[in-house]
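To start, I am sharing the structure in question, which I have written as structure tokens.
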Amino acid sequence: MRILVTGGAGFIGSHIVDEYIATGHEVAIVDNLSTGHRDNLNPHARFFEVDIRGEQMAEVFGQFRPEVVNHHAAQKSVPYSVENPLFDADVNLMGLLKLLELSRQHGVQQFIMASSGGALADPGEIPSPETGTPLFLSPYSVAKYASEKYLEFYQITYGMQTLSFRYANVYGPRQTPDGEAGVVAIFTQNILAGRPCKIYALPGMPRGATRDYVYVKDLVAAHGLALTHNVTGVYNVGTGIETDTETLTDHLLTISGRRVPVSIEGARAGDLARSCLDNGKILRDLGWSFTTSVADGLRLTYDWARNL
Ligand SMILES: NC(=O)c1ccc[n+]([C@@H]2O[C@H](COP(=O)([O-])OP(=O)(O)OC[C@H]3O[C@@H](n4cnc5c(N)ncnc54)[C@H](O)[C@@H]3O)[C@@H](O)[C@H]2O)c1
């Protein structure tokens, strides 16, 4: 199939490109390299250095004629969205809409988007199912939620097969420390540089907040399954397992064999205490489940970072 991956020079998008190429698909990447890197580009994919909001996107669709669009280009920082809601909406909503309109005009069959379980999960129910009520704590959350609804609209109105994957905290090789869920990348770099790791304790949670950490290769497997299953709507992609920050730090220190100071600090404003996704729906409909434990995934990530 001809698959257009936006954000294919970034952390998650580049792994998806690699998987599509390895399984015989024809891939084109659209990326403006704002946070992505040329080194992540798969040499067997066509590369368009273009902004998803730009006029040139019409030419990209015209030249490549994608059958599937996999959308990973985004403004991905939650705090940045709070400071810059207009910019966030420009990229995450207007950018998405421009892609959806081009997809409709060019007869794209399937549109897959990266949504966020961290931003949209109902913290009142752990593990959180897709059906919970999100807390809209940032413009980023609002935009991801609205994006899911736009996909629903294109599905209902134009019959485009649309799918939103709500990711848990994705980690693995190529992740940079500045994203939505960068703690693994931050602590890995701190440990390699001999810098301290700070854990933010929360009331009743002295070991820090819990998160659902999913290894990027497991996430990529869900994208492979999405091409062969006729599913639409919203799906969580997570492990259903909570890991607190101190446990994560202990794993990384053990793997590294190094010692750095670990400090326990007070809670930061806006920190969610717990986040974990129910993966029953994706297991039932796509047969997906994770295969990489946190200990194994962290080892793979640490080994990659050490050899940079
Ligand atoms: N990392 C996580 O744990 C996580 C969790 C939930 C959701 N997500 C979502 O997954 C997607 C990918 O995230 P990531 O962590 O790989 O981030 P990333 O920054 O590594 O990748 C995003 C890519 O999009 C490109 N890009 C940004 N704005 C663009 C624009 N206007 N035009 C063209 N290209 C543009 C960047 O250069 C980059 O290569 C995002 O939608 C993010 O919100 C990530």
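Each reported figure results from applying straightforward, stated rules to the coordinates on display, with no laboratory input. Worth saying up front: this structure is predicted, and the values here are computed from it rather than measured. In this analysis, Cβ positions are derived from the backbone assuming ideal geometry, glycine residues included, and neighbour counts consider all displayed protein chains.
Contour minus end-to-end for Arg195 and Ala58, with contour as 0.36 nm per residue of separation and end-to-end as the Cα-Cα distance?
The span from Arg195 to Ala58 would gain 44.7 nm if fully extended.
Just add up the charged neighbours of Ile199: K/R +1, D/E -1, any other residue whose Cβ is under 10 Å from the Cβ of Ile199.
That sum, taken over residues with Cβ under 10 Å, equals -1.
Then there's this: List every residue whose amide H lies under 5 Å from the amide H of Ser116, counting only residues 5 or more places away in sequence or on a different chain, with H placed 1.01 Å from N in the peptide plane.
Here Tyr167 satisfy the definition.
Which of Lys144/Lys198; Lys76/Lys198; Lys217/Lys281; Lys98/Lys217; Lys98/Lys281 have a Cα-Cα distance over 27 Å?
Details: Lys144/Lys198 29 Å; Lys76/Lys198 22 Å; Lys217/Lys281 19 Å; Lys98/Lys217 29 Å; Lys98/Lys281 30 Å.
Distance filter (> 27 Å) returns Lys144/Lys198; Lys98/Lys217; Lys98/Lys281.
On a full-extension model of 0.36 nm per residue, what is the gain between Asp285 and Glu26, subtracting their alpha-carbon distance, rounded to one decimal in nm? Mind dumping the intermediate values first?
Values: separation 259, 0.36 × 259 = 93.24 nm, distance 2.61 nm.
Working it through step by step, the gained length comes to 90.6 nm.
While we're on this one: Quick one: what are the phi-derived ³J(HN,Hα) couplings along region 15-20, Karplus 6.51/-1.76/1.60 with θ = phi - 60°, whole Hz, x for glycine and proline?
Rounded to whole hertz, the list is 5, 5, 4, 4, 5, 4.
Same structure again: Note down the nm distance, to one decimal, between modelled labels 7 Å out along Cα→Cβ at Glu125 and at Thr176.
3.7 nm
So, one more: For Thr228 and Glu83, what is the calculated FRET efficiency with R₀ set at 35 Å and r taken between the beta-carbons, to the nearest 0.05?
0.30
I need the phi-derived Karplus couplings for region 184-189: 6.51 cos²θ - 1.76 cosθ + 1.60, θ = phi - 60°, integer Hz, Gly and Pro marked x.
5, 5, 5, 5, 4, 5
Who wins for biggest fluctuation among Tyr235, Tyr171, Tyr150 in a Gaussian network model of the chain, springs between alpha carbons below 10 Å?
Taking springs between Cα atoms under 10 Å, the residue moving most is Tyr150.
Also, I was wondering about something else. Using a basic spin-label model with each label point 7 Å from the Cα along Cα→Cβ, how many nm lie between Leu137 and Leu308?
Each label point lies 7 Å from its Cα, and together they span 2.7 nm.
Another question, if that's okay. Counting only residues 5 or more places away or on other chains, whose amide H sits under 5 Å from the amide H of Val234 once H atoms are built in the peptide plane?
Ser164
Skipping prolines and chain starts, which residues have an amide H placed within reach, meaning under 5 Å, of the one on Phe47, given they are 5 or more residues away or on another chain?
Ile29
Given the DSSP H assignment, sum -39500 (n - 2.57) over each helix run of at least 4 residues in the chain and divide by its residue total; what's the result at 222 nm in deg cm²/dmol, nearest 500?
-11500 deg cm²/dmol
Moving to a separate point now. Report the residues of region 151-185 in range of a label on Arg104: point 7 Å along Cα→C-beta, backbone N strictly under 19 Å from it.
Flagged as within label range: 151-164.
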